[in-house]
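Beneath this line is the structure, given in structure tokens, with notes to follow.
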Amino acid sequence: MGGHVLEAMLEALTPFLTQDWIAVFNDLPQIIVAGLATGFQYALIAFGFVLIYRATETVNFAQGDIMMLAMFVGLGLQALGAPWYFVMIGAIILVGLFGAGLDLLVFRHMAGQSPLATVIITIAIGFVLRLGVDAVTYFMQGKFPQEESLSPPDLGDQISILGVSIDPFDILLIAGALIVVIGLFFFLSRTRMGIAIQASSQNQLAAYYQGINVRSLNTLVWTLAAAISAFAGILFAMSKTFTSSVGLSLTGGIMAYAAAVIGGLGSLQGAVLAALMLGVVDNFVKTLSGVHPLISANAGLIFLLIVIIVKPSGLFSQTQAKKV
Amino acid sequence: MKFLFKQSYDDDIKLLKHSGYIRASAFFFLLAALLPIYFMWAGVDATTLKHVIHILILSICASGLMILTGFTGQVSLGHGAFFALGAYGMHFLLKMGVPWHFSFFLTPLIIGLFGYIIARPTLRMSGVTLAITTLLFMLFIEQAFKQWGVMGGGNGFKTPKFSDKESWFFFVFQPIAAALTDHDPENRRDVLLLARSASKYALYYGALLTLVFVIWIMNNLVRSRLGRTLIAIRDSEVSARSMGVHLNHYKSLSMGLSAAIGALAGIFNSYNDGFVSPESVNFITSIVLLLIVVVGGLGSIHGAIFGAITYVFLREILFPELADFFQAWANNGGGQVAESLAWFFNIGGLGDIFFAALVLLILFYEPLGLYARWKKTEAFFQTFPFYRAGTFKRQRSYNKTERLK
């Protein structure tokens, strides 16, 4: 029995030793750029997840499903004949409003209840959204959604920068994500409202005493988080195919949650960096030849499991053990 | 209202506190034990029996999850993994030639240990890490099962019958079954049919006895040192730690316990479905299990069973029945309304949506689930004209961050 396991482990490791590393290093810039493009999608979802966690202490497992909702809203808008930028803006606005509605209808009333109940409510909402999208698609088209995709904008051919050929859509993606992430950093750390959000996250009651309207700030946070994940979702949908289970799938929501956790839950920079790292690692292992399919298809997953087990506090942790 | 006169200290910690408990337990156990006999007598079809067994299996698994989520306050998003690991582990051991009874006890033991081992490092920080890890773990397990050639890879494998003609159960059960049904001992086909249904009934009693065993374990857990420790962790980690509780060890222990019970349920489920495939590990199973626990009521032993009954009733009995009903109505000239209603109830997954929506409503209006409603009704009748609406009022608290800069 033990011999089998050892043999299997050796077999899994051999491809890493016999790899043509020089060829791999020549391709490295290419791999990194493609990895960053994936990583920024994870980063955007993780950003929304961490934003809600930081501001309201709610762990929102519906974030991936809100992203999925945005994809299907985009699909609907596209079916109506909207060009790609209208699809994007329309989905962001509609899903942002949906996020506000979620807070107004559900989470506002959960303030002060046990955190466990709130977490489970988010899981149930994700579940309802996912199955609801299935049912609505069935209602409209008579069949369940299959592998769908949004048509990407036509931005011309591959561009070559410093010998690295890049898809112009990836440039749009990275630039858009960077603008959103930097803009939100600025918003949270420099503006009055951002600092109020931070204050209410540290101590709700004290923030109330200081005259901060915690309730409407929370609604704002939910709107922002939903809009960000809608942005991520539309970018995702334009570059890959998706199904209604993308919110909790290995290529979608789960990676983002995991990135948020290994980034040290509650740290925005950490979440973004971890998501980028995840994208690059995932892409890197995929390009190696001869790796066992179980490893190459789940490289990101294995990386996450290793990081969580070795360093569960996250790579860029903010949380220490609670003291009295 | 019943007045209890306590005559010894044992009265405080007895498992069955007074005659009412004994009568109620005996009543429900007898009801459950006689149900298959009634089914056979009334000629109820095999699908209904399958649904009832499914309720028992989900109750077992939800009880396991209740230890983790209800008592210890940790969320596992990947409990379906242990469910599937139980099925795979059992049948792998059987394939290796391990005797049935031995592997039936060995599988939950190994998987419980496994649950402890994966929870131990991840629980050092917050509970969210555990939720995410279990989720990742479940996805990895699913991929790994797809690559596991010995166990059929992506297609999975068929399971043998739960009990064969040589088993002791068959000798006990066959005379009863033969007396109750139109059974001709000379007819070979009848004998075969009887053998097949006997295997189903054996599965029913196996699952029922396991459920009773699990409930007994849970009841003892709650009034033991371990159970009190777990509940203390749920209520306040800081105070539990101050009292000298090793948080990490006890949380992992509850994870291991619930993994073992989940594996036990998985073994029965593999026999009930008749096949096992990697698709059975999907996260819908895991989330449904979590929702079952919540619907029933976190932190109560009744809750797991209430939740499982609600789920199976909604998902597998009510909605298909409604679809059939409206279909029949449409066929008898019910017109447009009946047709569209029939079409509506035929949408796959509608039961799941309604179940999840029910969870939302319950969490909103009754965060402690159906069990709280049960308790309130009980209190209403006990204190009949004097029941106050505010008796079970919940205390709210404001958030304070756990992140210290």
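The values are calculated or read from the model by the stated rules, or taken from the named source; none is laboratory data. Quantities reported herein were computed from a predicted structural model and do not represent experimental measurements. Note that each Cβ is placed from the backbone with ideal geometry, even for glycine, and that neighbours are counted across all protein chains shown.
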Check your understanding: Looking at (1) more than 14 Å from every other protein chain (Cβ to nearest Cβ); (2) part of a loop (DSSP other than H, G, I, E, B), can you tell me which one B:Pro367 breaks?
Key -> (1)
Check your understanding: Which one is nearest to the chain's Cα centre (by Cα), of the residues in segment A:16-65 that are within 14 Å of chain B (Cβ to nearest Cβ) and of a type in the set (Phe, Trp, Tyr)?
Key -> A:Tyr42
Review point. Which residue, of A:Gly101, A:Gly81, A:Gly112, is without any contact (Cβ under 8 Å) to a residue 12 or more places away in the chain, more than 12 Å from chain B (Cβ to nearest Cβ), on the phi > 0 side of the Ramachandran plot and not β-branched (Val, Ile, Thr)?
Key: A:Gly81
Point to revise | Matching helices (runs of 4 or more DSSP H) fully within segment B:61-151 where at least 2 residues are more than 9 Å from chain A (Cβ to nearest Cβ) and either at pLDDT below 85 or under 26 Å from B:Val238 (Cα atoms) (or both) | key: B:100-122, B:127-147
Exercise for review: For segment A:3-12, indicate whether the set of residues that are within 30 Å of B:Ile233 (Cα to Cα), free of Cβ contacts under 8 Å to residues at least 12 places away in the same chain and over 19 Å from the mean Cα position of the chain (by Cα) is non-empty.
Suggested key: no
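Yes/no matrix, rows are residues, columns are (1) buried (at least 17 other Cβ atoms within 10 Å of the Cβ); (2) in contact with a strand residue (DSSP E or B) (Cβ under 9 Å, 6 or more places away or on another chain); (3) within 14 Å of chain A (Cβ to nearest Cβ):
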residue: B:Ser277; (1), (2), (3): yes, yes, no
residue: B:Leu290; (1), (2), (3): yes, no, yes
residue: B:Leu322; (1), (2), (3): yes, no, no
residue: B:Ala356; (1), (2), (3): yes, no, yes
residue: B:Ile362; (1), (2), (3): yes, no, yes
residue: B:Thr377; (1), (2), (3): no, no, no
Point to revise | Positions within segment A:236-257 being more than 11 Å from every other protein chain (Cβ to nearest Cβ), surrounded by 23 or more Cβ atoms within 10 Å (Cβ to Cβ) and in a helix (DSSP H, G or I), in sequence order | key: A:Phe236, A:Ala237, A:Val246
Practice item. Just give me the residues in segment A:101-129 being over 25 Å from B:Val293 (Cβ atoms) and buried (at least 20 other Cβ atoms within 10 Å of the Cβ), in sequence order. Key: A:Asp103
**Study point:** Those residues of segment A:41-60 which are among the aliphatic types (A, V, I, L, M) and in a helix (DSSP H, G or I), in sequence order
**Key:** A:Ala43, A:Leu44, A:Ile45, A:Ala46, A:Val50, A:Leu51, A:Ile52, A:Ala55
Practice item. For segment A:61-82, name all the residues that are among the small types (Gly, Ala, Ser) and part of a loop (DSSP other than H, G, I, E, B). Key: A:Ala62, A:Gly81, A:Ala82
Check your understanding: How about segment A:229-244: which of its residues are under 23 Å from A:Tyr53 (Cα atoms) and hydroxyl-bearing (Ser, Thr, Tyr)?
Key -> A:Ser229
Check your understanding: Quick one: what pairs do we get from segment B:1-16, first residue closer than 26 Å to B:Phe386 by Cα, second among the basic types (Lys, Arg) and at pLDDT below 80, C-beta under 9 Å, 6+ apart or different chains?
Key -> B:Leu4/B:Lys17
Point to revise | Unique match (being closer than 22 Å to A:Lys240 by Cα and surrounded by 13 or more Cβ atoms within 10 Å (Cβ to Cβ)) among A:Asp170, A:Asp154 | key: A:Asp170
Study note, to complete from the structure: Among residues of segment A:214-229 being in contact with a Lys or Arg (Cβ under 9 Å, 6 or more places away or on another chain) and polar (S, T, N, Q), the residue surrounded by the most Cβ atoms within 10 Å (Cβ to Cβ) is A:Asn218
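Each row is one residue, and each column tells you yes or no for (1) among the acidic types (Asp, Glu); (2) at pLDDT below 80; (3) in contact with a strand residue (DSSP E or B) (Cβ under 9 Å, 6 or more places away or on another chain); (4) part of a loop (DSSP other than H, G, I, E, B).
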| residue | (1), (2), (3), (4) |
| --- | --- |
| A:Ala259 | no, no, no, no |
| A:Gly264 | no, yes, no, yes |
| A:Gln269 | no, no, no, no |
| A:Leu276 | no, no, no, no |
| A:Leu294 | no, yes, no, no |
| A:Ile306 | no, no, no, no |
| A:Pro312 | no, yes, no, yes |
